[in-house]
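Have a look at the structure below before the remarks.
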Amino acid sequence: MALSPALAPADALPPYTNLWAYRKRFAEAAPILMYHKIGSPPHGVRFRGLYLPTWLLARQLCEWKANGWASVGLEEFVRPSRPIRKRVCLTFDDGYASLHQEALPLLVEQGFRAIVFLVPERIGGFNEWDLAIGEKPAALMDEVQIREWMQAGHEIGGHTLTHASLPRLTLSEARREIVDGKKKLEDRFGRSIEHFSYPYGDWNPQIRDLVAEAGYRTACTVERGINGVGVDPFLLRRITACRPPRTLRTLFGLMSG
Ligand SMILES: [Zn+2]
């Protein structure tokens, strides 16, 4: 059973591959894109959909730039009073080392900014939370890599202390994961941490309120959709960037020569 209440109305948006397919929906409001790992999935990986090939990220950034799009921060979603045109918000969950190796050079080259949601107790380690469900370990950025990310003009946000599924915890445990996770990042990196992403997208109204009380200004879910005027900044929808189905990839390849 799903842990999080659905954000009505349900929005039947497909995962994001290219701008052309989304041009009408993205004219309504700025989309928040969600990424995890960049590169080809290693052999034996269970959740291949969490990998976006480097070439596809490069193509997405080029397409936005060629069409006059720029990146925007999550701060723009705190109280949107009007639709934001030709802006995209790029979010990366967990802080994988592949973000530093593969995505960072592309973002710098194309002039886009992004935010990564970090798990402070796992910095320099790997995705321990995934091993219990049979996933292979993947390296997370270490402190030096995170500092390079910040020096390139990118943001960091919170993703709890240990990547906990918050609704499964007692309220005091959940508060500790949210509040201490924020403070630990602030102490280590010397900047205010204002944006949050719910691990696994799991939330409920009490968890949402804990995040707001902790001093965060926005929180991202994994609910798919676009955020219009009047959106709750602690229940932001996102769109997963993923590789197109094989048939479309073939077409895509032919079209691009
Ligand atoms: Zn995560």
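The values are calculated or read from the model by the stated rules, or taken from the named source; none is laboratory data. On a predicted model such as this, the values are computed, not experimentally measured, just so you know. Glycine also receives a Cβ, built like all others from the backbone with ideal geometry; neighbour counts cover every protein chain displayed. Calculation scope for accessible area: heavy atoms of the full protein, side chains included, ligands and nucleic acids excluded. Shrake-Rupley method; radii C 1.70, N 1.55, O 1.52, S 1.80 Å.
Quick check for the chain: number of Lys pairs with alpha-carbon distance under 18 Å, counting only pairs 8 or more apart or on different chains?
4
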The distance between the Cα centres of region 97-156 and region 23-41, in whole Å, is 18
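Assigning unit charges at the beta carbon (Lys, Arg +1; Asp, Glu -1) and nothing else, what dipole magnitude in debye, to the nearest 20, does region 28-256 show about its Cα centre? Let's see the in-between values first.
Details: 30 positive and 27 negative charges, 157 e Å.
Computed charge dipole of region 28-256: roughly 760 debye.
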If you take every DSSP beta bridge whose two residues both sit in the chain, what share of them, in percent to the nearest 5, is antiparallel?
-> 5
Each residue of region 44-52 in order: what ³J(HN,Hα) in whole Hz does its phi give by Karplus 6.51 cos²θ - 1.76 cosθ + 1.60, θ = phi - 60°, with x for Gly and Pro?
-> x, 5, 7, 9, 5, x, 7, 9, 10
Quick one: compute the contact order of the chain, relative version, from alpha carbon pairs under 8 angstrom and 6+ residues apart, as a percent.
-> 24
The answer for GLU223, listing residues at least 5 apart or on another chain whose modeled amide H is closer than 5 Å to its amide H, is ARG238
Cα-only radius of gyration and Dmax that characterise region 83-219, units Å = 14.9, 44
Whole number in Å², please: accessible area per residue of the chain, 1.4 Å probe, ligands, DNA and RNA not counted.
-> 47
Which whole-Hz ³J(HN,Hα) couplings does region 132-148 yield from phi under the Karplus relation 6.51 cos²θ - 1.76 cosθ + 1.60, θ = phi - 60°, glycine and proline marked x?
-> 5, 9, x, 8, 6, x, 10, 5, 9, 4, 8, 4, 4, 5, 5, 5, 5
Jot down the radius of gyration and Dmax of the chain, Cα atoms only, both in angstrom.
-> 17.5, 56
Can you tell which of ASN204, VAL88, ALA66 lies farthest toward the positive end of the dipole of region 28-256, using +1 and -1 charges on the Cβ of basic and acidic side chains (Lys, Arg; Asp, Glu)?
-> ALA66
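For LEU171 and GLU128 in the same chain, what is the full-extension length gain: residue separation times 0.36 nm, less their Cα-Cα distance, in nm? The partial results should precede the final answer.
Values: separation 43, 0.36 × 43 = 15.48 nm, distance 2.29 nm.
Once the chain is fully extended between LEU171 and GLU128, it gains 13.2 nm.
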Given backbone amide H placed at 1.01 Å from N, residues whose amide H is under 5 Å from that of MET141, ignoring those fewer than 5 places away on the same chain, are TYR96, ALA97, GLY124
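Would you work out what percent of the accessible area of the chain, with all protein chains in place, is carbon or sulfur (probe 1.4 Å)? Please list the in-between numbers first.
Values: 6470 of 12110 Å².
That share works out to 53 percent.
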Computed over region 1-139, Cα set: Rg, Dmax in Å | 16.2, 46
Residues whose placed amide H lies under 5 Å from that of SER40, excluding near-sequence neighbours | THR54
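How much mean residue ellipticity at 222 nm does the chain get from its helices, if each DSSP H run of length 4 or more adds -39500 (n - 2.57) and you divide by all residues, to the nearest 500 deg cm²/dmol? Don't jump to the answer; show the numbers that get you there.
On the way: 8 runs with 76 residues, N = 257.
Result for the chain, helices only: -8500 deg cm²/dmol.
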List, in order, the whole-Hz ³J(HN,Hα) value for each residue of region 83-92 obtained from phi through the Karplus relation with A = 6.51, B = -1.76, C = 1.60 and θ = phi - 60°; use x for Gly and Pro.
-> x, 9, 8, 6, 10, 10, 10, 9, 10, 10
What is the spin-label model distance, in nm, from LYS24 to GLN101 if the labels are put 7 Å beyond Cα along the C-beta direction?
-> 4.1
Most fluctuating of HIS159, HIS43, HIS195 in the GNM of the chain (C-alpha, under 10 Å) is HIS43
